[in-house]
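Values quoted throughout were computed directly from the atomic coordinates according to the rules given, and no laboratory measurement underlies them. None of the values given here were measured: they were computed from a predicted structure. Reconstructed Cβ throughout: ideal geometry from the backbone, glycine too, with neighbour counts over all protein chains shown.
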Ligand SMILES: CC(C)(COP(=O)(O)OP(=O)(O)OC[C@H]1O[C@@H](n2cnc3c(N)ncnc32)[C@H](O)[C@@H]1OP(=O)(O)O)[C@@H](O)C(=O)NCCC(=O)NCCS
């Protein structure tokens, strides 16, 4: 039986390996990745699917500002292990994370993806027609979904990251930390 659970810190390696297999290295060149990099995903909105101990699915949501509509979430990446596709797992991950987002009070979700897949969850290009990604993107693949009626409305402007920086961005890098005692001593000299 495949279970859907919150992602744990120990899942990062297996999640990244699954994303490498699903998207290849080109995934790091996407404009969506520019929004995600160096940021924490939204609290409670990183889910994984497990088949026993094996991680077989992943989906995450990220804080953004949706132009003049304000706070929203960006969904992605979504991936299911190649051996388990077409069995409804992607749909289960999507419904679980969208229900969770709605229950946490989030009002709208955006993503860049295939409309023929995401339309079944209510996503539509019309909902994001006035919005633009802050880099190259395909207009027909920028999709929106209101979790709260009218949340996106006639939203216009750029989709920009608003998530908290990852701890690595706020901590002193290890190399600098090692130099701190010496720097402190130097600062104390007349
Ligand atoms: C997209 C993905 C997450 C779907 O997971 P899944 O577990 O196979 O999804 P489900 O079983 O819930 O749905 C399967 C259905 O979606 C359809 N589908 C899958 N990918 C699709 C796509 N890109 N466009 C249109 N339809 C798609 C399948 O044909 C199937 O249709 P059916 O229900 O009529 O048979 C999975 O195929 C995957 O990981 N793909 C590689 C990564 C990727 O492309 N992620 C999405 C980025 S847009």
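Here are a few things to note about the model shown:
- Extension reserve of the residue 148-residue 54 stretch, reckoned as 0.36 nm per residue once the Cα distance is removed: 30.4 nm
- Crossing angle, helix 89-103 versus the chain [Cα axis fit, 0-90 degrees, rounded to tens]: 70
- Between the helical axis of 174-188 and the longest alpha-carbon principal axis of the chain there is an angle of about 40 degrees.
- Working from label points 7 Å from Cα in the Cα-to-Cβ sense, the residue 71 to residue 3 distance is 3.1 nm.
- Whether region 1-74 is rounded, prolate or oblate, judged on the alpha carbon gyration tensor where a/c under 1.5 counts as rounded: oblate
- Virtual paramagnetic centre 7 Å along Cα→Cβ of residue 40, amide N under 13 Å, in region 74-111: none
- The packing ranking, built from the mean of other Cβ atoms within 10 Å per residue, places the peptides 104-110, 159-165, 60-66, 120-126 in the order 60-66, 104-110, 159-165, 120-126, highest first.
- Reduced Cα scattering model of the chain, Debye log10 I(q)/I(0), q = 0.10, 0.13, 0.15 Å⁻¹: -0.45, -0.70, -0.89
- Here the calculated FRET efficiency for residue 87 and residue 114, from their Cβ-Cβ distance with R0 = 22 Å, stands at 0.75, rounded to the nearest 0.05.
- For the chain, the longest principal axis of the C-alpha atoms and the axis of helix 12-23 are separated by about 50°.
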